[in-house]
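> Structure below; questions to follow.
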Amino acid sequence: MEISTALVVYLIVIIAIFILCKLANVKTMSALVLSLTIGFIVLSLLVPISVLKKLGGRHPNLVITYLIISSVTAVLSIWYIVVKALEDKNEVNDIDIFKLEF
């Protein structure tokens, strides 16, 4: 598939998933991270990273856009995971070794 078509499909997927998440009352940041992650998975299936070297000569700007999307998605996902992990940590007085919380 052409990279330009794949980027349009990526944009449609992230908008659709974001709207569905908001309709399901998911918080905005969670909806954004979820839609970007699923959108990037779809983009990676449509245009694998191994194909980018061949496309670099014909469409350098689109390849740069692809790389920016992958970098932003990775950084945003890691940041979101760290923030949620810090919000989810137990206080020292709340630790009960006999009760596991998931």
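The values are calculated or read from the model by the stated rules, or taken from the named source; none is laboratory data. These figures come from a predicted structure and were not determined experimentally. Neighbour counts are summed over all protein chains in view; Cβ atoms, including those assigned to glycine, are modelled from backbone coordinates with ideal geometry.
> Quickly run through region 26-47 and pick out the residues that are exposed (fewer than 13 other Cβ atoms within 10 Å of the Cβ) and of a type outside the set (A, V, I, L, M).
Selection gives Lys27, Thr28, Ser30.
> In region 5-55, which residues are more than 23 Å from Tyr80 (Cα to Cα), assigned to a helix (DSSP H, G or I) and of a type outside the set (Val, Ile, Thr)?
The initial filter retains those residues of region 5-55 that are more than 23 Å from Tyr80 (Cα to Cα), namely 5-9, 45-55.
Retained after the next criterion (residues that are assigned to a helix (DSSP H, G or I)): 5-9, 45-46, 49-55.
Those that are more than 23 Å from Tyr80 (Cα to Cα), assigned to a helix (DSSP H, G or I) and of a type outside the set (Val, Ile, Thr): Ala6, Leu7, Leu45, Leu46, Ser50, Leu52, Lys53, Lys54, Leu55.
> Follow-up question, since we're still on this one. If Ser50 satisfies every condition in (1) surrounded by 11 or more Cβ atoms within 10 Å (Cβ to Cβ); (2) at pLDDT 85 or above but one, which is the exception?
With respect to (1) surrounded by 11 or more Cβ atoms within 10 Å (Cβ to Cβ); (2) at pLDDT 85 or above, Ser50 is out only on (1).
> Where residues in region 53-85 are free of Cβ contacts under 8 Å to residues at least 40 places away in the same chain and in contact with a helix residue (DSSP H, G or I) (Cβ under 7 Å, 6 or more places away or on another chain), which of them is surrounded by the fewest Cβ atoms within 10 Å (Cβ to Cβ)? Spell out how you get there, then give the answer.
We begin by selecting, within region 53-85, every residue free of Cβ contacts under 8 Å to residues at least 40 places away in the same chain; these are 53-54, 56-58, 60-61, 64, 67-68, 70-75, 78-79, 81-85.
Of the ones still in play, those that are also in contact with a helix residue (DSSP H, G or I) (Cβ under 7 Å, 6 or more places away or on another chain) are 56, 70, 73.
On the way: Gly56: 12, Ser70: 15, Thr73: 20.
My answer is Gly56.
> Continuing with the same structure: In region 12-25, what residues are buried (at least 16 other Cβ atoms within 10 Å of the Cβ) and without any contact (Cβ under 8 Å) to a residue 24 or more places away in the chain? Break it down stepwise before answering.
We begin by selecting, within region 12-25, every residue buried (at least 16 other Cβ atoms within 10 Å of the Cβ); these are 13-14, 17-18, 21.
Listed by number, the residues that qualify are Ile17, Phe18, Cys21.
> Do we have Val9 as at pLDDT 85 or above, surrounded by fewer than 11 Cβ atoms within 10 Å (Cβ to Cβ) and either touching a Cys at 6+ places or on another chain (Cβ under 6 Å) or among the aliphatic types (A, V, I, L, M) (or both) here? Steps first, answer last, please.
On the way: at pLDDT 85 or above: yes; surrounded by fewer than 11 Cβ atoms within 10 Å (Cβ to Cβ): no; either touching a Cys at 6+ places or on another chain (Cβ under 6 Å) or among the aliphatic types (A, V, I, L, M) (or both): yes.
So Val9 fails the test.
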